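To start, the structure under review is shown below, and the notes come after it.
The values are calculated or read from the model by the stated rules, or taken from the named source; none is laboratory data. Because the structure is a prediction, the values reported are computed rather than measured. Counting neighbours? That spans all protein chains shown, and the Cβs are built from the backbone with ideal geometry, glycine included. SASA here: full protein model, heavy atoms, side chains in, ligands and nucleic acids out. Shrake-Rupley method; radii C 1.70, N 1.55, O 1.52, S 1.80 Å.
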Amino acid sequence: MKDSKNWSRRAIVKAGVAGAAAFIGSTWLSPNFWAAKSALATGTHENHLLPNSPNSQLHKGMKHGYDPGTEVTDGLKAARNALTSFDYGKVSTSADGKTIRDYEMIAVEQEVEIAKGIKFPGWTYNGTIPGPTLRCTEGDIIRVKFYNNSTHPHSIHFHGIHPTGMDGLESVMPGETFVYEFAAKPAGMQVYHCHVAPLRRHIHKGLYGNLIIDPKKPRIAAKEFNMVMNGYDLDLDGENEVYTVNGYAFAYQQEPIRVKAGELVRIYLSNLTEFDLINSFHLHANYFNYYATGADPEARPQFTDTIMQCQGERGILEITFPEPGRYMFHAHQSEFAELGWMGFFLAE
């Protein structure tokens, strides 16, 4: 397995973006290759033989000219949807005038497409990786009815301030239901994820998402996007072979994110990458304001073009693109970028 690990990750990276993409587009789409990967990813640790890496790709170096094509796959649709979908729940008002937001979250085992033709056997909330982006305002009563429709024990651990009985440390067994209820606080970027051991497996398999708690005093108007950085270990060797934002490799290189020059753009960014100590976000040809955790819209931000996040860390980026053009963004770990974590903003 050691040889296949070095081949499957390190050797691919030597090919750079163009080489890695060609590898994904040809070798990884081989039925025999994916049958081996799928069996390993689902937990069958059998000794599968993998094909040799394409030597012609190993000397091409880093290239940004890779064209991921124009085909709109299910995975691309999911990544596009995750970018702009915010779940505000079913809203009602309590007797004392507080806003109540009811959500339904279902743990289900679901294959998800993470690159063209490549399926990952995920453990998901509501059938997607990442799970839905929950959104509310500070002080709202959040009520999340969690159904475990999978074959493994799961839970939902929300970052933030809440009673310890709502902390998601107790397993919800297959077929069971639990209701998490608490007042949303503090304002800012939060995340949620499964907290059942082994955590690295439950998180890596896809049980995570963003929770945005808006401040009572609204932030200034902006074009808003949601991003979750993650990775996929396809052969269970403890190293990721694919890195993405919102679950699909090169999604926003294939379809650049359209914005307007001069308008304020706000990104809610989190890192739920397993097996790597940090992930990062780097923007080309521009700078942005970064609010770590994003709790205080009046706090002094960091003005930079690159930030790092450990797992579970999150923050808010505010960007204004000064003129029309294509602005690249990607992880500043070159390996991550070459294996799928790369995209563009298209300012018009």
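Here are the numbers for the structure shown:
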{"quantity": "2 or more residues open to solvent by less than 10 Å² (accessible area, probe 1.4 Å): qualifying strands (runs of 3 or more DSSP E) within segment 159-230", "calculated": "188-193, 208-214"}
{"quantity": "Residues (part of a strand (DSSP E or B), open to solvent by less than 40 Å² (accessible area, probe 1.4 Å) and of a type in the set (G, A, S)) located in segment 243-302", "calculated": "S270, S280"}
{"quantity": "In segment 279-312, the residues that are in contact (Cβ under 8 Å) with a residue 40 or more places away in the chain and closer than 20 Å to N230 by Cβ", "calculated": "N279, S280, F281, H282, L283, T293, G294, Q309, Q311, G312"}
{"quantity": "Subset of segment 68-118 (residues that are touching a helix residue (DSSP H, G or I) at 6+ places or on another chain (Cβ under 9 Å), within 25 Å of V265 (Cβ to Cβ) and surrounded by fewer than 14 Cβ atoms within 10 Å (Cβ to Cβ))", "calculated": "T70, V72"}
{"quantity": "Test: residue in segment 290-301 that is under 16 Å from the mean Cα position of the chain (by Cα), under 23 Å from A187 (Cβ atoms) and hydrophobic (A, V, I, L, M, F, W, C)", "calculated": "no"}
{"quantity": "Segment 152-207, subset touching a residue at least 60 places away in the same chain (Cβ under 8 Å) and basic (K, R), residue nearest to G127 (Cα to Cα)", "calculated": "K205"}
{"quantity": "Sole exception among (1) in contact (Cβ under 8 Å) with a residue 12 or more places away in the chain; (2) closer than 24 Å to R135 by Cα for K260, by number", "calculated": "(2)"}
{"quantity": "Test: residue in segment 321-338 that is without any contact (Cβ under 8 Å) to a residue 40 or more places away in the chain and either in a loop (DSSP other than H, G, I, E, B) or out of contact with any Lys or Arg (no Cβ under 9 Å at 6 or more places or on another chain) (or both)", "calculated": "no"}
{"quantity": "Filtered residues of segment 76-130 (kept if touching a residue at least 40 places away in the same chain (Cβ under 8 Å) and at positive phi)", "calculated": "G89, G117"}
{"quantity": "Residue within segment 93-113 that is within 25 Å of N246 (Cα to Cα) and in a loop (DSSP other than H, G, I, E, B) present", "calculated": "no"}
